[in-house]
1. Spin-label point model (7 Å from Cα, Cβ direction): what's the residue 83 to residue 161 distance in nm?
2. Assuming R0 = 25 Å, can you tell me the calculated FRET efficiency for the pair residue 124 and residue 145, based on Cβ-Cβ distance, to the nearest 0.05?
3. Would you work out which of 34, 148, 58 lies farthest towards the positive end of the dipole of the chain? Charges go on Cβ: Lys and Arg +1, Asp and Glu -1.
4. For the range 36-48, take each phi angle, set θ = phi - 60°, evaluate the Karplus expression 6.51 cos²θ - 1.76 cosθ + 1.60, and give the result in whole Hz per residue in order, putting x for glycine and proline.
5. Report, by chain and number, residues whose modeled amide H sits under 5 Å from the one on residue 3, excluding near sequence neighbours (fewer than 5 apart, same chain).
6. Per-residue HN-Hα couplings for the range 118-129, Karplus 6.51 cos²θ - 1.76 cosθ + 1.60 at θ = phi - 60°, whole Hz, x for Gly and Pro?
7. Which entry in (i) 11.5; (ii) 8.9; (iii) 10.8 matches mean projected area of the Cα convex hull in nm² derived from the coordinates of this structure?
8. What does the C-alpha gyration tensor say about the overall shape of the range 95-163? Classify as rounded when a/c is under 1.5, otherwise prolate if a/b is larger than b/c, or oblate.
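Throughout, read-outs are computed from the coordinates displayed, never taken from laboratory work. Quick caveat: nothing in here was measured; it's all calculated off a predicted structure. Cβ atoms come from the backbone with ideal geometry, glycine included; neighbour counts cover every protein chain shown.
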Amino acid sequence: MDRLLIGEVLKPQGIRGELKVKTFTDTPEDVKAFGTVYIDDKAYKILSFRVGPDGAAYMGLRGIPDRNAAELFRGKKLEGDREDAPPLEEGRYYIVDIIGLSCETEEGEFLGRVKDIKNLSSDVYTIEKDGKDILFPVVKNVIKHIDLEQGKVILDKAVFDEIAVM
């Protein structure tokens, strides 16, 4: 089964086993659509879900009855089945689909391979070339095109050179 990384448990919340989760989806509510999440390859049905004023998701999962049980999930990643994911708008992609793609200029110059994407105030890509990490924020005009079929992220070389941190 094909799964997507959709969040990370930050900490237990309260005494009833609720988890505070940082979501990696466009909106926290998107996680609720999955119905079932996977932590360490074990399925957990979502019993309760709310979004707090801090923008975090608060979830009650079947099989996590109290705070002590919830504490064991601190720092764990949440995954969901791709087939349960909400449809994406055109031009939007799941991070898991971009990891591993080749970053190239429009002229075909290889800049590196996508190693990681962090969601901060804007997405920050980490690409690797010749064993070295290069980071760049996704700012206007840096990404010209993403071609999943060809396995490429086409970047504007001038913008990339301005913003990349090596």
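1. It works out to 4.9 nm between the two label points.
2. Working: r = 19 Å, r/R0 = 0.77.
Approximately 0.80, to the nearest 0.05.
3. Sorting the options by dipole projection puts first 58.
4. For the range 36-48, the Karplus-derived couplings read 10, 10, 10, 10, 6, 6, 9, 7, 10, 6, 6, 9, 9 Hz, x marking Gly and Pro.
5. Amide H neighbours of residue 3: 82.
6. So the Karplus estimates, Gly and Pro as x, are 9, 9, 10, 5, 9, 5, 10, 8, 10, 10, 10, 9 Hz.
7. The listed entry that was calculated here is (iii).
8. Numbers: a/c = 1.18, a/b = 1.07, b/c = 1.11.
Rounded is the answer for the range 95-163, as its axis ratio a/c remains below 1.5.
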